[in-house]
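Structure record follows, encoded as structure tokens.
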Amino acid sequence: MSADIDLFEAMNTQRAIRYLKPDPVPDEMITRLIDAATRAPSGTNQQRWSFIVVRDSELRGKLGDIYQKAGRAAIPRLQYVEAENKRLFNSAVYLVDHLGEAPVLILACIEHGGSTTLTTGASIYPAVQNILLAARAMDLGSVLTTFHKAYEDEVKNLLGIPDNVETAALLPVGFLAEGVSYGPIKRRSVDEVLHLDRW
Ligand SMILES: Cc1cc2nc3c(=O)[nH]c(=O)nc-3n(C[C@H](O)[C@H](O)[C@H](O)COP(=O)(O)O)c2cc1C
């Protein structure tokens, strides 16, 4: 396991990693990811999150199939991404066909009282970001994905998820494939997004 890295270095280099080795990930590393998730804030500290760690190869295969079905349907709508960022497009397309091969899939879920809103999401996505940052710190690769949401019911049936729980993100986790590395990310500048006092 690598030494802990500076928080800002982690934030500045935490790329979406979609090319992963199939090698198993030690239990302690996965526990550390989930532990990081549980450090996140949530509305009134309710912590209504659950994290399903899927290692079983048959279940990973089935989740991979659902992701593939949803991803293949979504790809034609992503032509603008292909035009703007071919590398991102190609890696997203790659993952559509290979998600189930990641040694670990983490499904982040949130319990709700009947329906969900943006605020419900605000009580689970900080936890997901903590998983991504913790993965970065341990040199594990991952990426937040949501294509599976098009077939939410199938995912819930497969894993026995109760009605009052919604899936928020499906994260493949594994060691980085040969030739893949963490590194600088491209984001809009502070100047572009900062408003002082008023919009
Ligand atoms: C709400 C949300 C949904 C996403 N869904 C997917 C997805 O279904 N499949 C995928 O490959 N990437 C997905 N991503 C990953 C984004 O494409 C990625 O975070 C973004 O391109 C930035 O990548 P970078 O950190 O490598 O610059 C999603 C990210 C977010 C925040």
Problem - Qualifying positions in segment 133-157 - among the basic types (K, R) and within 13 Å of the chain's Cα centre (by Cα) - result: R136, K149
Handout entry: Breaking point among (1) crowded, with 22+ Cβ neighbours inside 10 Å; (2) closer than 24 Å to T44 by Cβ, for T120
Key = (1)
Exercise for the section: Among the residues of segment 1-54, count how many are within 16 Å of the ligand (Cβ to nearest atom), surrounded by fewer than 16 Cβ atoms within 10 Å (Cβ to Cβ) and of a type in the set (K, R). Expected result: 0
Fill in the blank from the handout: Checked against (1) within 25 Å of D4 (Cβ to Cβ); (2) touching a Phe, Trp or Tyr at 6+ places or on another chain (Cβ under 7 Å), A134 satisfies every condition except (2)
Completion exercise
Residue pairs within 9 Å by beta carbon, gap of at least six or interchain, first lying in segment 111-127 and at positive phi, second outside any helix (DSSP H, G or I) and more than 12 Å from the ligand (Cβ to nearest atom), listed first then second, are G114/N164
Exercise for the section: Kindly indicate whether S123 is part of a loop (DSSP other than H, G, I, E, B) and within 21 Å of R39 (Cβ to Cβ). Expected result: yes
Problem - Flag for A134 being modelled with pLDDT of 95 or more, within 15 Å of the ligand (Cβ to nearest atom) and closer than 26 Å to P41 by Cβ - result: no
Fill in the blank from the handout: Among residues of segment 78-110 being free of Cβ contacts under 8 Å to residues at least 40 places away in the same chain and more than 12 Å from the ligand (Cβ to nearest atom), the residue surrounded by the most Cβ atoms within 10 Å (Cβ to Cβ) is E82
Exercise for the section: Please verify whether segment 159-182 includes one or more residues that are in a loop (DSSP other than H, G, I, E, B), under 16 Å from the mean Cα position of the chain (by Cα) and of a type outside the set (D, E). Expected result: yes
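The values are calculated or read from the model by the stated rules, or taken from the named source; none is laboratory data. All values derive from a computational prediction rather than experimental measurement. Cβ: placed from backbone, ideal geometry, glycine included. Neighbour counts: every protein chain shown.
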